[in-house]
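The next block holds one structure in the form of structure tokens; read it before the comments.
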Number of protein chains: 2
Amino acid sequence: MKSGNAGLFYNMQAEIINIGDELLIGQVINTNASWIAEQFNLAGISINRITVIADEKESIINALNNAALQADIILITGGLGPTNDDITKKVLCDYFDSKLILNKDVLDDIQTYFHKRKFEVTSLNQQQAEVPDKCIPIRNYNGTAPGMWFERNNKIYISLPGVPFEMKALISDYVLPEISKRFKLPVIIHKTILTQGVGESFLADKIINWENNLPEFIKLAYLPTPGLVRLRLSAKGNDKNILSKSIEDALNSLQTLISEYIYGYDEETLEEIIGNLLNQKKLTIATAESCTGGYIASRITSVPGSSAYFKGSIVCYSNEIKIQELNIPEQMIINHGAVSCEVAEAMAQSIRRKFDTQYSIAVTGIAGPDGGTNEKPVGTVWISIATPSTIISEKFFFGDNRERNIQRTCITALNMLRKIILKNNS
Amino acid sequence: MKSGNAGLFYNMQAEIINIGDELLIGQVINTNASWIAEQFNLAGISINRITVIADEKESIINALNNAALQADIILITGGLGPTNDDITKKVLCDYFDSKLILNKDVLDDIQTYFHKRKFEVTSLNQQQAEVPDKCIPIRNYNGTAPGMWFERNNKIYISLPGVPFEMKALISDYVLPEISKRFKLPVIIHKTILTQGVGESFLADKIINWENNLPEFIKLAYLPTPGLVRLRLSAKGNDKNILSKSIEDALNSLQTLISEYIYGYDEETLEEIIGNLLNQKKLTIATAESCTGGYIASRITSVPGSSAYFKGSIVCYSNEIKIQELNIPEQMIINHGAVSCEVAEAMAQSIRRKFDTQYSIAVTGIAGPDGGTNEKPVGTVWISIATPSTIISEKFFFGDNRERNIQRTCITALNMLRKIILKNNS
């Protein structure tokens, strides 16, 4: 592996090898590979191949040999569990003519891990503290299998557990920082623009001229998920200042085109953005949820520290509970239906008063697959946001997929709340 | 490729090659590979490798050469679009010393496809009707790129578009039926056992003798996710009856060893299992949630039809709401803390009475990252299940990751509920 010339970055190539029969029978979708690929690309390292193989010695050795022909870094996940079907450590030990030795630090980590959870350390787990003597163990604070870092013939081989959150922590906290320390990687600057309330093709139409005028070293990618479209700008080169300036210019002109759809940037989530806003302005919130069944509350409370502004929720899945807990007049439900502007607004006002908060979100809709009518098809949702001075309601049609309806309702409601907080407190 | 002897299946091996830059930068998760792998396995064809590569001639040829060393069938997806970055057809044409000729049937298909949609056929699309003369074109009625079937040295090479619904139709309607017609494939039977409340290594310790006594044609895999471990048995052979009987025997003896941890089988989820139980027994449920912030309610309501048994939830994120909405005595919180058996039980009883349900779930805990003490570290959770006749409570330590604490609390609570329903109604 050669480092880059002065001033020139080294175009480093990596290969991902995912080991696991569950991937080859289609039981598990390989989200590890896409996450790793994204993180490595963000750090300036290209992925030239992803190979998925079985927990089999010959397949593993074959994959390592093939990868070494064209990659500088070989990143291996999976097969490090304590059970018999996990053979990666043993194969790597043989492959690097190494022998297993007990590592005291790793054993400590494993014992700490189990003591925290009040579990007994089994002998199988103790064996996980044995690592090949020719590797640098990478300590894993979220599980029992350490990562392993080998080097041979100017190639780096990194083996990590396949459990996603363990693997992710090891890559973010150790692997990428360590690689960046040792090699001059290209400067890559990303800026992700988060949009809501606009479809991908409509967005593309709106910004086509802007896109065509981007400098050649800036690439644009569309990343749609239900309810959101993320736009990612990536600039790659040597000079950080030039790249930053170009991204900033591109961003400024984009903002003038689509400002009404932008809710945030980069890794922010809507629930974090709202949490920060509520914290800054010392406001509180509650939700009253019908079709989302508590999903909005669970997204809001996924943010650490949300207890500072979130008081709670009433999930009123049945009309009986809407009437009893939120004082929705039965006649209102009879006259307008549970999925109506009237009921949504009554829910929002009731929960705001009852939970004594400044703001509230209420949603009522038909998540599906059943319950739709001609007038109110599956996917019909009313969202109301109540504030100290006003109430804002809107009707949406989110289509016929239950899971997506719930997600879209949540994202749309959170973004309505964000806009109203900004408007009221600007 | 040799066909199987009479009575003996041929152990056919396939490799999947997915072509596309979007997969290598992590922009798209490779759901095509898992879908194809599942379908091929169900048909009795093993996948021995999945390789993801760029839209690059050298990479494609390299992957084809590697695959031919170990697979009978090489299934290629992607790179068949009409634009310049799609080069798969051209590369395959060269690879098989073939030349492109216009195929009238394919041209008809493309014209029909566009006419139906009232679009003009562009010259780029017309070019898609040109196929290599050494392949059998596979007609695509859902898009514009035909599939291609090549054979050389007893290997089959199949190239399909990467658009999921086009690819899926071509595999289901043509590729698998055609392979099954030509080869005697084995029978493969899978059974997945779903367990909760036991770690992977503890489980492995408990069933090691059973595992060692499995017949050679049955394989065992451990598939852990937060709070759950799935065990998958796979049997492969000629005789469906023998395989089914062997899986059944293995399952029976496993059940006697770990019955208390098994909550279901195959693709079931805990929330579906509970939903079915509640429906069968005509019971209703509500939740009172502190640390899970509505997550349990959102899992329960992710099941279509859950409104038949789920009435709602009170998410009492603040103590104020616990006192006001669930009538928890303030003195109880002062004396025992909000995270205590006393408060969990009072929450469970209160929500059950208030929402007039047979069962209720209540949880109170410290999700983290802050809020822990020496006595009650982050991850301490009390779960209570109230029933018409009794209340059952348990304390857990789920570790220091907020997201996983919430997931594990939910799964554990749902499984406690399942056990209690079964016990009370057996």
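Bear in mind these aren't lab numbers, they're just calculated from the coordinates by the rules spelled out. Just so you know, these numbers come straight off a predicted model, no measurement behind them. Cβ atoms come from the backbone with ideal geometry, glycine included; neighbour counts cover every protein chain shown.
Please order A:Ser393, A:Ser290, B:Ser389 by the number of other Cβ within 10 Å, starting at the fewest.
With the sparsest Cβ surroundings first, the list reads B:Ser389, A:Ser393, A:Ser290.
Please compute the Cα-Cα pair-distance distribution of the stretch A:270-424 with 5 Å bins starting at 0, giving whole percents from short to long.
2, 11, 21, 24, 21, 13, 6, 2, 0
Which distances, in nm and shortest first, link the B:Asn425 label point to the same label point in every other copy, taking 7 Å along Cα→Cβ?
Distances to the matching label points in the other copies: 4.6 nm.
From the backbone phi of the stretch B:196-205, what are the Karplus-calculated ³J(HN,Hα) couplings (6.51 cos²θ - 1.76 cosθ + 1.60, θ = phi - 60°) in whole Hz, Gly and Pro given as x?
9, x, 8, x, 4, 6, 5, 4, 4, 4
Show me, for the stretch B:187-193, the HN-Hα J-couplings you get by feeding each phi into the Karplus relation (A = 6.51, B = -1.76, C = 1.60, θ = phi - 60°), rounded to Hz, glycine and proline as x.
Karplus-based 3J(HN,Hα) across the stretch B:187-193 equals 8, 10, 10, 10, 9, 10, 10 Hz.
Which distances in nm, rounded to one decimal and ordered from shortest, link the label point of B:Thr390 to the equivalent label points in the other identical copies, with labels set 7 Å from Cα toward Cβ?
5.6
When the Kirkwood radius is taken over all Cα pairs of the stretch A:210-331, what Stokes-Einstein diffusion coefficient follows at 25 °C and 0.890 mPa s, in µm²/s? Each step should come with its number before you reach the end.
On the way: Rh = 17.9 Å.
Reported coefficient: 137 µm²/s.
Compute the long axis of helix A:402-424 from its Cα atoms, compare it with the longest principal axis of the Cα atoms of chain A, and write down the angle in degrees, 0 to 90, nearest 10.
Tilt of helix A:402-424: around 70 degrees.
Can you list which of the GluC sites (Glu not before Pro) found in the stretch B:82-189 are DSSP loop residues with at most 16 other C-beta atoms within 10 Å? List each step's numbers first, then the result.
On the way: sites: B:Glu120, B:Glu130, B:Glu151, B:Glu166, B:Glu178; in loops: B:Glu120.
Qualifying residues, ordered by number: B:Glu120.
Scale the Cα Rg of chain B by the rule-of-thumb value 2.2 N^0.38 Å and send over the ratio, two decimals.
On the way: Rg = 28.1 Å, N = 426, 2.2 N^0.38 = 22.0 Å.
So the Cα radius of gyration is 1.28 times the expected 2.2 N^0.38 Å.
Roughly how crowded by other chains is peptide A:112-120, in terms of the mean Cβ count from those chains within 10 Å of each of its Cβ atoms? Please report the intermediate quantities before stating the final value.
Values: counts 0, 1, 2, 1, 7, 7, 3, 4, 4.
Across the residues of A:112-120, the mean count of other-chain Cβ atoms within 10 Å is 3.
Among rounded, prolate and oblate, which fits the stretch A:187-265 when a ≥ b ≥ c are the square roots of the eigenvalues of its C-alpha gyration tensor, a/c under 1.5 means rounded, and a/b larger than b/c means prolate?
Prolate is the answer for the stretch A:187-265, as a/c is 1.5 or above and a/b outweighs b/c.
Of the DSSP beta bridges with both residues in the protein assembly as shown, give the percent that are antiparallel, rounding to the nearest 5. Provide the component values of the computation, followed by the final result.
Details: 99 of 153 bridges.
Expressed as a percentage, antiparallel bridges in the protein assembly as shown total about 65.
Which one, B:Thr256, B:Tyr317, B:Ile189, projects farthest toward the positive side of the charge dipole computed for the stretch B:186-320 from Cβ point charges (K/R +1, D/E -1)?
About the Cα centre, the residue reaching furthest to the positive side is B:Ile189.
Is the stretch B:356-402 best put as rounded, prolate or oblate by its Cα gyration tensor, with a ≥ b ≥ c the root eigenvalues, rounded for a/c under 1.5, and otherwise prolate when a/b is larger than b/c, oblate when not?
prolate
Which GluC sites (Glu not before Pro) in the stretch B:231-292 pass both tests, a DSSP loop state and at most 13 other beta-carbon atoms within 10 Å?
Counting only loop positions with at most 13 other Cβ atoms within 10 Å, the GluC sites (Glu not before Pro) in the stretch B:231-292 are B:Glu267, B:Glu268.
Between the DSSP loop rule and a limit of at most 13 other Cβ atoms within 10 Å, which GluC sites (Glu not before Pro) in the stretch B:344-426 are left?
B:Glu375
Largest first, please: the extent of the C-alpha atoms of the protein assembly as shown along each principal axis, to the nearest Å.
Computed over the Cα atoms, the extents are 81, 66, 59 Å.
What average number of partner chain Cβ atoms lie no more than 10 Å from the Cβ of the residues making up B:224-236?
2
Compare B:Lys236, B:Lys155, B:Lys181 in a GNM of chain B, Cα atoms joined below 10 Å, and give the one with the largest fluctuation.
Highest fluctuation of the listed residues: B:Lys181.
So for B:Cys135, A:Cys291, fewest C-beta neighbours within 10 Å to most, what's the order?
B:Cys135, A:Cys291
For chain B, what is the charge dipole size about the Cα centre, in debye to the nearest 20, if Lys and Arg each add +1 at the Cβ and Asp and Glu each add -1 at the Cβ? Write down the numbers at each step before the final one.
Details: 42 positive and 47 negative charges, 223 e Å.
Roughly 1080 debye, rounded to the nearest 20.
Amide H to amide H under 5 Å from B:Tyr265: which residues, 5+ apart in sequence or cross-chain, H placed 1.01 Å off N in plane?
Sorted by chain and number, the residues that satisfy this are B:Leu194.
How would A:Phe40, B:Phe150 line up from fewest to most surrounding beta-carbon atoms within 10 angstrom?
B:Phe150, A:Phe40
May I ask you to report, in nm to one decimal and beginning with the shortest, the distances from B:Asp205 to the same position in the other copies, taking label points 7 Å along Cα-to-Cβ?
Label-point distances to the other copies, shortest first: 6.3 nm.
Looking at the square roots a ≥ b ≥ c of the eigenvalues of the Cα gyration tensor of the stretch B:13-182, which shape do they give, rounded for a/c under 1.5, prolate if a/b is larger than b/c, or oblate?
On the way: a/c = 1.40, a/b = 1.38, b/c = 1.02.
Rounded, because the longest to shortest axis ratio a/c is under 1.5.
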